[in-house]
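Q: Take this structure, written in structure tokens, and hold onto it; I'll ask about it next.
The values are calculated or read from the model by the stated rules, or taken from the named source; none is laboratory data. Fair warning: this is a prediction, and the values are worked out from it, not measured in the lab. Here the Cβ positions follow ideal geometry from the backbone for every residue, glycine too, while neighbour counts run over all protein chains shown. All accessible areas refer to the heavy atoms of the entire protein, side chains included, with ligands and DNA or RNA removed. Shrake-Rupley method; radii C 1.70, N 1.55, O 1.52, S 1.80 Å.
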Amino acid sequence: MGNHKKLQAWVSEVQAMCQPSDVAWCDGTKAEYDHMMQLLVDAGLATKLNEAKRPNSYLFRSDPSDVARVEDRTYISTKNKVDAGPTNNWLAPDELKTIMRGLYQGCMKGRTMYVIPFSMGPIGSPIAKIGVQVTDSPYVVANMHLMTRVGTRVLDTLGSTGEFIPCLHSVGKPLAPGQADNGVWPCAPIEKKYIAHFPEENLIWSFGSGYGGNALLGKKCLALRIASAMGHKEGWMAEHMLIVRLTNPAGRRFHIAAAFPSACGKTNLAMLQPTIKGWKAECLGDDIAWMKIKDDGRLYAINPEAGFFGVAPGTSYNSNPMAMDSIRANAIFTNCVLTDDNDVWWEGMDVPCTHGIDWKGKDWTPASGQVGAHGNARFTAPASQCPVICSDWENPEGVPIDIFIFGGRRTRVMPLVHQAMNWDHGVFMGATAASEPTAAALDVKSALRRDPMAMLPFCGYNVGDYWNHWFKMGDRLGNKAPAIFYVNWFRKNDKGKWLWPGFGDNSRVLKWMCERVEGKADAIQTPIGLMPKPQDLDLTGLDIPAEDLQELLKVDVNAFAGELEDLDNYMGKVGDRLPKRMKDQVAQYKARLGRG
Ligand code: GTP
Ligand code: SPV
Ligand code: MN
């Protein structure tokens, strides 16, 4: 348990409040992982999968109220409401802490309280941050083993006075004497769930959910919400971005960081297998990038995570073979189908499944007319198991970013790709990004919502200040700033068919971006930005109808103009904190659309 007085005092304080039956300090060893899994199997919460087919892997089924992030229950708690801004739920710290202390009182009765020292980023790296999560969930302990670096080495690095981010978590389901979980996923009802962040004191309190981004506090809570606020204060960036290295046939490397909203293609692009000859892609990260400007004036990115917590449905050997290989062993699955031979299955796996147990634990066949796996069913696996993991993925120095990509899921209007004319225009493109809802959040129902830089649910401070931070980073980077692009892989025709093949073929669009960076590819000016002509894209070997391509590269000025009222409302909500440079971008955009 180390010799860190402040840490020990905090753990004692939490213990007195939550009243667990005992306390265990985690060491991150395989023995500890195996012990967690044994406890979970014994509690009826985990099913061990077929050892011959998928060694050392387990399936979990969560409660139907606990299958995704809960944005309505997520808070940024700052002294002044305006510092959380218009995109975050807010309660004053005193008020929120009073409510939550009431919930935490005795909430771990009958359970063990685990103390997990973890590092986001390679242990000891100057960019890494240390967190300590207290939790009463062995499922969380096991997932944290895969998603972060856990163990005694973290405590050693912390020493007796090092800085750490306290992360308090409880599933909110105490056990009476003699009571056990008995196969019932422990969590609290929705109105008692709170995912709370106190960025002014770098503190995280989460209550009532055992699931993913609500419970693995190193991920969205620390590495995005708290880290984005730290980055704002300290002059760096924490973004919801994958990181991929692309090498062209001449051997030149391009590092790309792309921000797409949840369930909009980051894991897939991070592991893409280019379909164009001579191009190679290597994965550095699939969800989060921390970026700092180094002495050479360029922006360097690291992946603070150690694993993938990926969307299962749609993942197949056709769409994402590298993800499929990453989860062949030592993986945790949540809310997938259990097959008759004790393996996992989900919709879009591209292999048949005629019978199994669905994510609700019921007997299932495809004829039931219901999905077998939840739309937000997930896998957890160590990043080191990805066959195309980049040799630099744990390099504490990071990699220099050449290209930023924003995007979202839009069936209509938004073309396949366009490029920003300059940094400020790129910030505007990211700020106005919009996407159709996915299964990654329980409570998002609107047809289309703005998701600035894919950070709507993850920005730990006022979004106007966040945009200003982006503008200022551009000023510091000057002509060394990454080029900025916007993509949409998700266009459909009137019959509901994808217009673009996506996945590995997205390399064709990335190639155009790299050639733009090298000054080798043409672009035409449109009201929304710079775009390729059909002949500028390498479509060798691809059978795509000319009219589909035309549709994919079309700018429907009237359709964009029709969204201006929504744009004004959206910007209006930011109020006084809306940067003047953003207002200028809006005005220039309207003028280009002929609606100035
Ligand atoms: P989070 O983990 O929630 O942040 O999601 P993500 O951004 O990593 O999304 P992911 O790559 O897991 O993709 C989500 C879904 O979109 C999956 O079902 C994919 O199969 C699908 N998808 C990803 N890329 C493409 C693409 O290029 N085209 C199409 N049609 N679907 C895609
Ligand atoms: C997301 O929703 O963007 C995720 C999954 O990456 S979770 O960790 O649950 O937030
Ligand atoms: Mn994500």
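Q: Are there trypsin sites (Lys or Arg not before Pro) in region 320-416 that DSSP marks as loop and that have at most 12 other Cβ atoms within 10 Å, and which are they?
A: Of the trypsin sites (Lys or Arg not before Pro), the ones in loops of region 320-416 whose Cβ has at most 12 other Cβ atoms within 10 Å are K362.
Q: Using 7 Å Cα-to-Cβ label points, what is the Q15/V557 separation (nm, one decimal)?
A: 7.0
Q: Determine the share of region 411-459's accessible area contributed by carbon and sulfur atoms, expressed in whole percent, with a 1.4 angstrom probe.
A: Of the solvent-accessible surface of region 411-459, carbon and sulfur hold 57 percent.
Q: Divide by every residue of the chain the summed helix terms, -39500 (n - 2.57) for each DSSP H run of at least 4, and state the resulting mean residue ellipticity at 222 nm, rounded to the nearest 500 deg cm²/dmol.
A: -7000 deg cm²/dmol
Q: Along region 393-410, what does the Karplus equation 6.51 cos²θ - 1.76 cosθ + 1.60 (θ = phi - 60°) give for ³J(HN,Hα), rounded to whole Hz, x for Gly and Pro?
A: Per-residue couplings from phi come out as 5, 10, 5, x, 6, x, 10, x, 7, 9, 9, 9, 10, 10, x, x, 9, 9 Hz.
Q: Across every pair of different alpha-carbon atoms, what Kirkwood hydrodynamic radius in Å does the chain reach?
A: One over the average 1/r among Cα pairs gives 24.6 Å for the chain.
Q: Let me ask something additional. Out of the trypsin sites (Lys or Arg not before Pro) in region 220-288, which ones are loop residues according to DSSP with at most 14 other C-beta atoms within 10 Å?
A: Taking region 220-288 and a limit of 14 other Cβ atoms within 10 Å, the loop trypsin sites (Lys or Arg not before Pro) found are R252, K277.
Q: By how many nm would the segment from K492 to E518 lengthen if fully extended, with 0.36 nm per residue of separation less the alpha-carbon distance?
A: 6.2 nm
Q: Separate question: Out of F485, M455, L499, whose Cα points farthest toward the positive end of the dipole of region 433-530 (charges: +1 Lys, Arg; -1 Asp, Glu; placed on Cβ)?
A: L499
Q: Do any of K129/K219; K294/K480; K362/K497 go past 22 Å between their Cα atoms, and which?
A: As for pairs spanning more than 22 Å Cα to Cα, those are K362/K497.
Q: Continuing with this model, one more query. Can you tell me the length gained on complete extension of the stretch T29 to Q535, counting 0.36 nm per residue apart and subtracting the Cα distance?
A: 176.7 nm
Q: Could you give the dipole magnitude of region 477-529 about its Cα centre, charging the beta-carbon of Lys and Arg +1 and that of Asp and Glu -1, in debye to the nearest 20?
A: In total the dipole reaches around 180 debye.
Q: Going by average Cβ density within 10 Å per residue, which order do the peptides 488-499, 301-312, 106-117 take, highest to lowest?
A: 301-312, 106-117, 488-499
Q: Counting only DSSP beta bridges with both residues in the chain, what percent are antiparallel, rounded to the nearest 5?
A: Of those bridges, close to 65 percent are antiparallel.
Q: Expressed in nm to one decimal, what extension gain is obtained for the pair I99 and D584 from 0.36 nm per residue of sequence separation less their Cα-Cα distance?
A: Length gained, I99 through D584: 170.4 nm.
Q: Put +1 on the Cβ of every Lys and Arg and -1 on every Asp and Glu Cβ in region 343-403; which of Q370, Q385, I403 then has its Cα farthest towards the positive end of the dipole?
A: Positive-most Cα among the choices belongs to Q370.
Q: Still on this structure, I have one more. As an exercise, find the ratio Rg/Rh for region 35-121 from alpha-carbon atoms, using the Kirkwood inverse-distance average for Rh.
A: My calculation of the ratio gives 1.10.
Q: Just from the alpha-carbon atoms, what are the Rg and Dmax of region 307-385 in angstroms?
A: Here Rg and the maximum Cα pair distance are 11.9, 38 Å.
Q: If contacts are Cα pairs under 8 angstrom and at least 6 residues apart, what is the relative contact order of the chain in percent?
A: Normalised by residue count, the contact order of the chain is 15 percent.
Q: Percent of accessible area on region 1-136 owned by carbon and sulfur, 1.4 Å probe?
A: Roughly 52 percent of what the probe reaches on region 1-136 is carbon or sulfur.
Q: Here is a follow-up. Excluding ligands, DNA and RNA, what is the solvent-accessible area per residue of region 307-385 at a probe of 1.4 Å, expressed in Å²?
A: 37
Q: Positive end of the charge dipole of region 61-190 (Lys, Arg +1 and Asp, Glu -1 on Cβ, about the Cα centre): tell me which of L175, V115, Q133 has its Cα farthest that way.
A: Checking the options against the dipole of region 61-190, the answer is V115.
Q: Rounded if a/c is under 1.5, else prolate if a/b beats b/c, else oblate: with a ≥ b ≥ c from the C-alpha gyration tensor eigenvalues square-rooted, which is region 506-562?
A: oblate
Q: In the structure displayed, which of K81/K233; K292/K533; K109/K233; K554/K590 lie more than 27 Å apart, Cα to Cα?
A: K292/K533; K109/K233
Q: What whole-number value in Å² describes the accessible area per residue of region 1-87 for a 1.4 Å probe?
A: 48
Q: Shape verdict for region 220-369, please, from the Cα gyration tensor: rounded (a/c under 1.5), prolate (a/b greater than b/c) or oblate.
A: Oblate shape, in that a/c is at least 1.5 and b/c is the bigger or equal ratio.
Q: Next up: Over region 307-385, what is the relative contact order in percent, taking alpha-carbon pairs closer than 8 angstrom and at least six residues apart?
A: Contact order relative to length: 45 percent.
Q: State the antiparallel share, in %, of DSSP beta bridges confined to region 147-241, rounding to the nearest 5.
A: Of all bridge pairs located within region 147-241, approximately 55 percent are antiparallel.
Q: Can you tell me the orientation of helix 580-592 relative to the chain, as the angle in degrees between its alpha-carbon axis and the longest Cα principal axis, to the nearest 10?
A: Approximately 40 degrees, to the nearest 10.
Q: Once neighbouring chains are kept in place and the probe is 1.4 Å, which whole percent of the accessible area of region 307-385 is contributed by carbon and sulfur?
A: Heavy-atom surface of region 307-385 belonging to carbon and sulfur, 1.4 Å probe: 53 percent.
Q: With angles folded into 0 to 90 degrees, how steeply does helix 5-18 sit against the dominant principal axis of the chain? Use alpha carbons for both and round to 10.
A: Its long axis makes an angle of about 70 degrees.
Q: Might you report the magnitude of the Cβ-based charge dipole of region 307-385 about its Cα centre, with Lys and Arg at +1 and Asp and Glu at -1, to the nearest 20 debye?
A: The calculation lands at about 260 debye.
Q: Ranked highest first by the average count of other Cβ atoms within 10 Å around their residues, in what order do 539-550, 346-357 fall?
A: Answer by packing, highest mean first, reads 346-357, 539-550.
Q: Next question, about the same structure. Keeping every protein chain present and rolling a 1.4 Å probe, give me the accessible area per residue for region 164-221 in Å².
A: For region 164-221, the solvent-accessible area averages 29 Å² per residue.
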